[in-house]
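Asks: Below is a structure I'd like to ask you about.
The values are calculated or read from the model by the stated rules, or taken from the named source; none is laboratory data. All of these numbers come straight from a predicted model, not from anything done at the bench. Note that each Cβ is placed from the backbone with ideal geometry, even for glycine, and that neighbours are counted across all protein chains shown.
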Amino acid sequence: MFQLLKAILVIFILNPFTPISADHHEAENIKNKAHSLDLDKMNSFPINEIKNFVNVYSKIKTEFLSPIDDAVMINNAIKGMVDNLDEHSTFLDKEIFAKFNKRLKGGSVGIGIEIAKKNNKIVIMTSLYGGPAYLAGIRSGDKIIQINNVAITNQNLAKINDELSGLPNTFVTIYIEDTNKNIKIYKLKRTLINIPSVFINNLKNQFIHIRISQFQEKTPSEIIKELRKEESENIQGLIIDLRDNPGGLLKAAIKTTDLFLSKGLIVSIENRSRKIIEKHSAKPPVIIGLKTPIVVIINEGTASAAEIMAGALKDNNRAILIGRNSFGKGSIQSIFSLPNKTAAKLTTSLYILPSGSKIKNGGIQPDIFVEPMTLISNEYSTENKTDSNREGEKYSHDYLLFQAINTLEVMNKIN
């Protein structure tokens, strides 16, 4: 029945009016682990490769024009190994690792973006909704080509993140190549990234629009609190907006998803041996009736834990997904601290959706593909709006939200 409903919705929704113009645009399981090399547990030890390394090391020590500190050489070697593993693994030197630990305790200062490597370029994975970069118009898929006066040639993610962060109220200039190959320059003020996790609007006194900017510890309780304020018998549909959500805390994403499912698998975690090491399933109660239709909006900035929520609701036939393919970050990174106060951030496991599929580079496909377009006037838009108390205000430029409303109206008619 749900699959038939999807097919009907495609017919109804993918017949839009003519637009004015087109608008282009982690959950990291972080663990601090003391790590030492255990040769007994290794299947094989690359003796010949180690000899080559020692030979080169020796030549540098004896032949290179200028003396180089041993620690610097070894750290550079480790950095080269780690940074070239995949798009998310990276080496954290002593200074960056110390700043990383400080940010975990006291919040981060920056411009509100998550970055990754793609095709040897530094790509914006997500521009955090409501952050300085988002408000300036920077979006997922844009490439960073220069920071201040320095071109991006270093592919070390930790180092680039460090250059983007700094003291509050200081400025950073970044050069961006957008998805249309246009070069744009932005001078952005660094701020303490303390953006609310949940924004809720009541639309037409019948639909609830929940925009989740990222998954924080309080996200599930905030949603429960806000939804309990509404008269549930009047709610004819729910829109969960995961656009430009970089993920956040895995546990918070699982608990939030569980609010809308009474049963069924949410996510599994697979290790390097292809063994399932964790399973998370839904259980009652739910925060809203199971017959209340749900639409989830995703885009290319929807990543990691946000993809888990979207995928779980889709695979359990609880929601219709509309928008564009998500980013495609289905991996978990762990932090391994080293004795010299540096660290290696390594990809160690993968998320598996209830359907058994993995979140790959292509991302999660929506049931209904909708390109964002510019509307003349639309009372439902939240584009560049971060104030949740704007009920009834006329907005513009949010065609996806407009189509989510249309989808709910069709679902109610069919049901």
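Asks: Out of all the residues in the range 79-99, is one or more closer than 21 Å to P168 by Cα and in a strand (DSSP E or B)? Before you say what the answer is, go through the steps one by one.
Replies: Of all residues in the range 79-99, those closer than 21 Å to P168 by Cα come to 95-99.
Subset that is in a strand (DSSP E or B): none.
Within the range 79-99, none of the residues are closer than 21 Å to P168 by Cα and in a strand (DSSP E or B).
Asks: Output yes when any residue across the range 342-356 is modelled with pLDDT of 95 or more, of a type in the set (F, W, Y) and farther than 30 Å from M73 by Cα, and no when none is.
Replies: So far as the range 342-356 goes, yes, one or more of its residues are modelled with pLDDT of 95 or more, of a type in the set (F, W, Y) and farther than 30 Å from M73 by Cα.
Asks: Are there any pairs with C-beta distances below 6 angstrom linking a residue in the range 238-263 that is closer than 24 Å to R139 by Cβ to a residue that is assigned to a loop (DSSP other than H, G, I, E, B) and hydroxyl-bearing (S, T, Y), with the two at least 6 apart or on different chains, and if so which?
Replies: L242/T302; D244/Y129; N245/T302; G247/S304
Asks: Any idea how many residues of the range 117-134 are more than 14 Å from G301 (Cα to Cα) and either surrounded by 16 or more Cβ atoms within 10 Å (Cβ to Cβ) or charged (D, E, K, R) (or both)? Explain how you work it out, then say what you get.
Replies: The initial filter retains those residues of the range 117-134 that are more than 14 Å from G301 (Cα to Cα), namely 117-122, 132.
Still in the running and either surrounded by 16 or more Cβ atoms within 10 Å (Cβ to Cβ) or charged (D, E, K, R) (or both): 117-118, 121-122, 132.
Qualifying residue count, the range 117-134: 5.
Asks: Restricting the range 327-356 to residues that are among the aromatic types (F, W, Y) and within 18 Å of the chain's Cα centre (by Cα), which is surrounded by the most Cβ atoms within 10 Å (Cβ to Cβ)?
Replies: Top of the filtered list is F327.
Asks: Any idea which of F199, F171 is at pLDDT 90 or above and closer than 12 Å to P132 by Cα?
Replies: Step by step, each of F199, F171 is checked, and only F171 is at pLDDT 90 or above and closer than 12 Å to P132 by Cα.
Asks: Mind checking which residues of the range 57-76 are within 30 Å of S349 (Cβ to Cβ) and surrounded by fewer than 14 Cβ atoms within 10 Å (Cβ to Cβ)? Can you show your working first?
Replies: First, pick out the residues of the range 57-76 that are within 30 Å of S349 (Cβ to Cβ): 74-76.
Answer for the range 57-76, where residues must be within 30 Å of S349 (Cβ to Cβ) and surrounded by fewer than 14 Cβ atoms within 10 Å (Cβ to Cβ): I74, N76.
Asks: Give the number of residues within the range 109-139 that are assigned to a strand (DSSP E or B) and closer than 22 Å to G328 by Cα. Quick ask: steps written out before the conclusion?
Replies: Taking the range 109-139 first, the residues assigned to a strand (DSSP E or B) are 109-110, 113-118, 121-127.
With the extra rule that they be closer than 22 Å to G328 by Cα, the set shrinks to 113-118, 121-127.
Residues flagged as assigned to a strand (DSSP E or B) and closer than 22 Å to G328 by Cα within the range 109-139 amount to 13.
Asks: Another question, if that's okay. Report yes if S377 is surrounded by 20 or more Cβ atoms within 10 Å (Cβ to Cβ), among the polar types (S, T, N, Q), modelled with pLDDT under 90 and touching a Ser or Thr at 6+ places or on another chain (Cβ under 8 Å), otherwise no. Spell out how you get there, then give the answer.
Replies: Details: surrounded by 20 or more Cβ atoms within 10 Å (Cβ to Cβ): no; among the polar types (S, T, N, Q): yes; modelled with pLDDT under 90: yes; touching a Ser or Thr at 6+ places or on another chain (Cβ under 8 Å): yes.
It is false that S377 is surrounded by 20 or more Cβ atoms within 10 Å (Cβ to Cβ), among the polar types (S, T, N, Q), modelled with pLDDT under 90 and touching a Ser or Thr at 6+ places or on another chain (Cβ under 8 Å).
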